[in-house]
1. Report yes if some residue within region 142-160 is modelled with pLDDT under 95 and over 30 Å from residue 26 (Cβ atoms); otherwise report no.
2. Where residues in region 51-66 are surrounded by fewer than 16 Cβ atoms within 10 Å (Cβ to Cβ) and within 17 Å of the chain's Cα centre (by Cα), which of them is nearest to residue 28 (Cα to Cα)?
3. Return the only residue of 76, 45, 31 being farther than 25 Å from residue 140 by Cβ and at pLDDT below 95.
4. Hey, among 57, 115, which residue is in contact with a helix residue (DSSP H, G or I) (Cβ under 6 Å, 6 or more places away or on another chain) and part of a loop (DSSP other than H, G, I, E, B)?
5. Considering only residues that are within 27 Å of residue 140 (Cβ to Cβ), more than 19 Å from the chain's Cα centre (by Cα) and part of a loop (DSSP other than H, G, I, E, B), which ones fall in region 1-28?
């Protein structure tokens, strides 16, 4: 087998791969015309969508495996705009045998031009937001990457989460 260095790799993460922490509103798994989503009933309050960056290739050798460059996130808001929506990307080190989890390291990133202000992220309509890592890193076999969306919905905001896509370079 030869050397592979492909900068155009991606993997789609359906909404079922994410965890949602919400103590205010009910969520349901929906599917319409083969489009799946996790739908939140209208209710005033905050929630967090935890998106694990599930990479098919990680490596113990430096500068090999997957180098995450950006993450795309799709959602929709109807009836009323949200109060706020912000993203966060964290890199965690997996503990050694019997070890404790260390502190997560915040990753700096840039929002795309359609979501680079708080006001753009909360509007009604369908959204595809791209978070581009300022310093892409090779995710070794001792690391994991997570994205969190922290959302505050207005009383009549209806929120649909459609999933995410991880864009990366593959080197093996």
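1. Within region 142-160, one or more residues are modelled with pLDDT under 95 and over 30 Å from residue 26 (Cβ atoms).
2. 52
3. One residue alone meets the criteria, 31.
4. From the options 57, 115, the qualifying one is 115.
5. If the condition is that a residue be within 27 Å of residue 140 (Cβ to Cβ), more than 19 Å from the chain's Cα centre (by Cα) and part of a loop (DSSP other than H, G, I, E, B), then 1, 2, 3, 4 are the ones that fit.
Conditions (1) surrounded by fewer than 17 Cβ atoms within 10 Å (Cβ to Cβ); (2) in contact (Cβ under 8 Å) with a residue 12 or more places away in the chain, marked per residue:
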| site | (1), (2) |
| --- | --- |
| 77 | no, yes |
| 80 | yes, yes |
| 83 | yes, yes |
| 102 | yes, no |
| 121 | no, yes |
| 161 | no, yes |
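Conditions (1) closer than 13 Å to residue 162 by Cα; (2) in contact with a helix residue (DSSP H, G or I) (Cβ under 9 Å, 6 or more places away or on another chain), marked per residue:
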{"site": "11", "(1), (2)": "no, no"}
{"site": "23", "(1), (2)": "no, no"}
{"site": "35", "(1), (2)": "yes, no"}
{"site": "38", "(1), (2)": "yes, yes"}
{"site": "62", "(1), (2)": "no, no"}
{"site": "71", "(1), (2)": "no, no"}
{"site": "80", "(1), (2)": "no, no"}
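The values are calculated or read from the model by the stated rules, or taken from the named source; none is laboratory data. Nothing here was measured: the structure is a model prediction, and the numbers come from that model. Don't worry about glycine lacking a Cβ; one is built from the backbone with ideal geometry, like all the others, and counts go over all protein chains shown.
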